[in-house]
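Here is the structure we will look at.
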Amino acid sequence: MTASVSLPDAWPYRMRDLCRITGMPRQAIHFYIQQGLVPPGHKTGRNTARYGETHVERIRVVRQLQNERFMPLKAIRAVLDGKDDAFTPEQRTMLLDVKQRLSASLARAPQKALPLDARALLVQHGLERADLDDLLRAGVIEVSRGPRGKLMVDADDAWVFALYADVRRAGFTRELGFDAKLLRIYECAVASLFQREKKILTHRLAQLPPDRVAPMLEKAIPLVHQFFARYHSKKIRDFFTRMGD
C-alpha cells in the first residue's frame, strides 16, 4: 500500500510563508491568483489555504517577467499558459494575407520607428515616474532595456503618454485615486472585447478572399470606434438624466 502524503508535506506553506519566501505582499499574491497567473491554493477553510513549491516558483517567474522584461500581465499569462491564438491553418493563412493588404494605420510596417526613451517622454509631457509605473501595471504599454539600461517604449505607444498627461491636467490626479487600478479596468474591458471580436470576425470572414476582407476591415473599424465613443457618451447622458428622476 502506498503511504499517503500529509497535507503539510504536500502543501507546506501558509500565505504568510509565501510572502516571506517570495518577498511579495499578500495583496499582490492574491492579485496574481485572481488574474490566473498563480494557481489557487488548497483550501483548508473558508478563508484559509495552503500552498506548495509550485506556487513559490510561479510567483518568482511572474515577478521576474514583470521586473526584468517589463511584460504586462496579459502577456505573462499567455506565456505561462503556453497559449496562442486558436486559429486553424487556413484562418492563419487568410489573416497573414489580409495583413499584407491592410494600410499602415491597421497593420504595422516591417520597418518600425526606433523605440523612444521613456524618461524623455515623461519629461516631454510633464509626467512623473509613478505615471510610467501606472501605465506598465495597467498593461497598456511595454518597455525594454536600451543603451545604458535606459527604459525604451515602442514609438507606436507614444500617444499613451500624451493622452495620460491630458487626463492628469484635466484634474484626475493620483491623490484622487486615478492610477493603474482605474487604467486596468479599461485595459481589461478592451482586451476582453477584442478577444471575442477577433474570434467572431475570423470565423465569419475566413471564407472570403483576403482582397475583399482587407477593405471591409478598413471601413468597419473606424465605424466601430465611432460607435464606442457615441455609445459611451449615451450611457453617461442616460446616467445623469436619471439622477433627476
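Throughout, read-outs are computed from the coordinates displayed, never taken from laboratory work. Small disclaimer: the values here were computed from a predicted structure and weren't measured. Please note: Cβ atoms are built from the backbone with ideal geometry, for glycine as well, and neighbour counts cover all protein chains shown.
Quick notes
- A straight chain from ASP211 to ALA170 at 0.36 nm per residue would run longer than the Cα-Cα distance by 10.4 nm.
- Extension gain (nm, one decimal) between LEU182 and ALA220, 0.36 nm per residue minus Cα-Cα: 10.8 nm
- Computed over the chain, Cα set: Rg, Dmax in Å: 22.5, 73
- Quotient of Cα Rg and 2.2 N^0.38 Å for the range 196-245, N being how many residues it contains: 1.71
- With θ taken as phi - 60° and the Karplus curve 6.51 cos²θ - 1.76 cosθ + 1.60 applied, the whole-hertz 3J(HN,Hα) list for the range 227-234 is 4, 4, 5, 6, 5, 4, 4, 4 Hz, x standing for glycine and proline.
- Couplings for the range 21-26, taken from phi via the Karplus curve 6.51 cos²θ - 1.76 cosθ + 1.60 with θ = phi - 60°, read 6, 8, x, 9, x, 4 Hz in order; Gly and Pro are left as x.
- For the range 89-240: lysine pairs under 21 Å (alpha-carbon distance), excluding those fewer than 8 apart on one chain: 7
- The range 89-240 - charge dipole about Cα centre, Lys and Arg +1 at Cβ, Asp and Glu -1, debye rounded to 20: 300
- Cα pair count fraction exceeding 18 Å, expressed as % - the range 139-245: 71
- Average silhouette area of the range 7-81, convex hull of alpha-carbon atoms, in square nanometres: 4.8
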